[in-house]
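J.: Sharing a structure with you now.
The values are calculated or read from the model by the stated rules, or taken from the named source; none is laboratory data. As the structure is a computational prediction, the values presented were derived from the model and not from experiment. Cβ placement follows ideal geometry from the backbone for every residue including glycine, while neighbour counts extend to all protein chains displayed.
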Amino acid sequence: MERSHRSLAKAVSYRITGTLATVLVSWLVTGQIQAALSIGFVELFAKTGLYYLHERAWNRIGLGRLQPPEDFQI
């Protein structure tokens, strides 16, 4: 299991990368940096929240997860 702050840190770092890509693509499509930045700003917050919820849901699913040995200490 991961702690929730790790999921949040992963969500933020992933979204920064994704938002930069969105701003670039939006700028290339629209030719307007202001529109591209607006799209990126909205997308940053919406997708950060969605990714966090997605990550926490998957943290509850055991699919493909290995169990630590019984003598494993955290």
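J.: Could you grab the pairs with beta carbons closer than 7 Å, sequence gap of 6+ or different chains, first residue in the range 42-60 and closer than 9 Å to ARG15 by Cβ, second one of a type in the set (Phe, Trp, Tyr) and in a helix (DSSP H, G or I)?
T.: As it stands, the answer is TYR51/TYR14, since those pairs meet every condition given.
J.: Residues of the range 53-74 being surrounded by 13 or more Cβ atoms within 10 Å (Cβ to Cβ) and at pLDDT below 85, which ones?
T.: Listed by number, the list holds a single entry, GLU55.
J.: Identify the residue in the range 5-43 that is hydroxyl-bearing (Ser, Thr, Tyr) and farther than 23 Å from HIS54 by Cα and, among all such residues, is surrounded by the most Cβ atoms within 10 Å (Cβ to Cβ).
T.: Per the stated criteria, the residue is SER26.
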